[in-house]
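Heads up: the structure comes next, in C-alpha cells.
Bear in mind that the values in this text are calculations on the coordinates, not laboratory data. On a predicted model such as this, the values are computed, not experimentally measured, just so you know. All Cβ positions, even for glycine, are placed from backbone atoms using ideal geometry, and neighbour counts span all protein chains on display.
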Amino acid sequence: MLQAQVFLWAYILLFFPASIVAQGLGVNWGVIASHPLDPKIVVNILKDNGIKKVKLFHAEHDILTALSGTDIEVMMGIPNHSLESLSEKYSVAQAWVKANITAYLGKKGVNFKYVAVGNEPFLAAYNGTYNNLTLPAMKNIMKALNEAGVGKDIKVSTPLNGDVYISPTYKPSDGIFRHDLADIMNGICEFLHKNKAAFIVNIYPFLNLYQNPGFPEPYAFFNNDDSNSMDDHGVKYRSVLDANIDTLVAALKVANFSDIPIIVGEVGWPTDGNIYATTKNAKKFYNGLLKRMATNEGTPLRPKQYPDVYMFSLLDEDLKSIDPGMFERHWGIFSFDGQPKFPMDLSGKGQNKSLVGGKNVKYMEKQWCVYNKDASNQKDLAVKVAWACNSTDCTTLVPGASCSGMGIDMNASVAFNMYYQMANQTKAACDFEGLAKIVKRDPSNGTCRFPIMIKTIQTTSNSSASAPKSSRSSTFSSSTSHSPFQTHSPSPSSSPFHSPLLIFQ
C-alpha cells in the first residue's frame, strides 16, 4: 500500500502543473526596463504559475535560450522598424527565420506557435507608413517558414489595434472594418484564412475609462448590472471587452471571413500612475476576465469558446514611453523584480490565492536616497527634483498615483531614490548639492513604496534582436464614450521620461 501511495504522489507531481490556469491564457513579456530580470528567473515564474503561453515583442537570445526545452508556447514578435526590409527583400525574411526561429528548434528547442509580424502597424499616428509593408512582410516570413519546413506548425499573423474596426451605431453587431483600411484588411484576412491563422487584436478597457470622461466605470469590468450594459437588439453586453470582441466578429462576417479565429494579443490593467490605475482595480479586472475565460462560454456572436487571451503584461517596465499616460510603466501583474502585486487566481475559480513570485532574485544593498531636510541650500529643491525626474521614473508622483499628495518632501525623496537606484546606487547619484542623503532605513510610507533595484546580468543578443525596440504611439479618440471598439494600446518605447510640473502642485 505504501509503495502504491508513493507512486500516486509521484504521478501527481510529474503530471500536474504547479498551478492550473484558465484555458487559452497567456502573457506578454516585455523587457523595456533599466534592470531587467534574469530570463531564467522569469521562465521559472511562468512555469511555477502554470502559464504555458508567452508573447515576445522581439527576438532576444537569452530569453529564447531560457525558454528552450520548457514546452511553453511562444509567439515571437517582429518590430515595425523591420517591416520595410522584410517586405522588400525575401532574403531578409530568410535570414530572420534562420537566426530567430530555426536556430532555436530541435528536441530541446523553443516551442514556437506564432510569428507576430509588426505591432499595431495601422495606427493612425503612423500616417500609413506601414500600410503597404505589413502584408508583404507577412507573406515573406510565411514563405521562409515554409521553406524551412516549419510553416505547418508555426503560424503568421500581425497584432492589430482595436481601431481597425468600427461600428457606426456603436452596437457590436454592426461592426465593420474602417473604410480607409478595407482593402488592406481584406488582404490580411485572406492571408489568415488561407494559412489557418488567427486574427490578433489588442484591447484595453482601461483606456476606454481613462480616455473618455463619463464612460461608465462598471462597463470597463465584468458582470455589471443592466444599467451599465449595452443593448444590441436584445443582447446585453456587460463588459466593453466582450462588446469589442464581437465588433470584430461582426466585421469579419461582413468581410466574408467569419470563420477566422480570434486571439486577444494584449489586455490588462495597470496598477499605478493614474487614479484608475490601482491594484484594487487591476485585481477586480483580472478576476472578472479569468472567471469569464473559465466558463468558456464565448461571446454572444461566438458563443462556443472564448478567445485565447494574452495578459499585458508580466512585469513592470520602467523605461517605457509615458506619452499615452503615466500608467505605462505599471502594467505588470508582477513588479519589476518578479514579485506578485496582488492575489490572483489564474484558474478563474475565484480563489483568493497568490501568484508564485521570482526566486533567488539578487538585490542591491538595502539603502535608499532621500531628501536631506538639514541641507543649507533649500531654494533649488524643486529644480533638483525636476532634474531627477527628467532622468528617472517619477510616475508614482502624479495625481492619483501611489505616492501622490504627500508633499514636496516625499516628492523629493521619491525622485532622488529612483535616480539613485536606477544609477545602480552609485554614491555620486545621491548628492544633489547636499539636498540628498543615503539612509539604511526603508522610507516607504503607506502606498508609497521605495524600491531597491535588482542586480542584472550581462545579456547577449542576436544581431537581428539587438535593433532598437519598436515604438507605438497612442492616438486618443474623441468618439462617444460608449463606443466598444475605440481602445488604443500603450507604447513600448524606450524614450526617456520627462517629468510633468504637476507633481509639484
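Here are a few things to note about the model shown:
- Extension gain for Asp442 to Val235 (0.36 nm times residue separation, less C-alpha to C-alpha distance): 69.2 nm.
- Measuring between alpha carbons in the structure, the pairs from Lys52/Lys107; Lys40/Lys440; Lys320/Lys427; Lys53/Lys362 lying more than 22 angstrom apart are Lys40/Lys440; Lys320/Lys427; Lys53/Lys362.
- Of the peptides 101-108, 58-65, 217-224, the ranking by mean beta-carbon count within 10 Å, highest at the top, reads 58-65, 217-224, 101-108.
- Residues in the range 359-388 that a label on Asp409 would reach, taking backbone N under 14 Å of a point 7 Å out along Cα→Cβ: 370-375
- Stokes-Einstein diffusion for the range 368-439 at 4 °C, viscosity 1.567 mPa s, with a Kirkwood radius from C-alpha pairs, works out to 109 µm²/s.
- Charge dipole (the chain, unit charges on Cβ, about Cα centre) - positive-most of Val97, Ser173, Ala412: Val97
- Extension gain (nm, one decimal) between Ala99 and Ile457, 0.36 nm per residue minus Cα-Cα: 126.6 nm
- Separation of the Lys366 and His81 label points, Cα + 7 Å toward Cβ, nm: 4.1
- Evaluated at q = 0.09, 0.11, 0.16 Å⁻¹: base-10 log I(q)/I(0), Debye formula over Cα of the range 25-334: -0.45, -0.68, -1.49
- Taking Cα atoms only, the orientation of helix 90-100 departs from the longest principal axis of the chain by about 60 degrees.
- Net charge dipole, the range 25-334: roughly 980 debye, given to the nearest 20, about the Cα centre with Cβ charges of +1 for Lys and Arg and -1 for Asp and Glu.
- Using alpha-carbon coordinates, inclination of helix 407-422 to the longest axis of the chain, degrees: 70
- Each label point was placed 7 Å from the Cα along the Cα-to-Cβ direction; for Arg449 and Asp183 their separation is 5.1 nm.
- Gain in span if fully extended, Lys373 to Lys349, counting 0.36 nm per residue against the direct Cα distance: 3.6 nm
- Average Cα contact separation per residue, the range 25-334, under 8 Å, 6 or more apart, as relative contact order %: 18
- Computed from Cα atoms, the angle from the helix 182-194 axis to the main principal axis of the chain rounds to 70 degrees.
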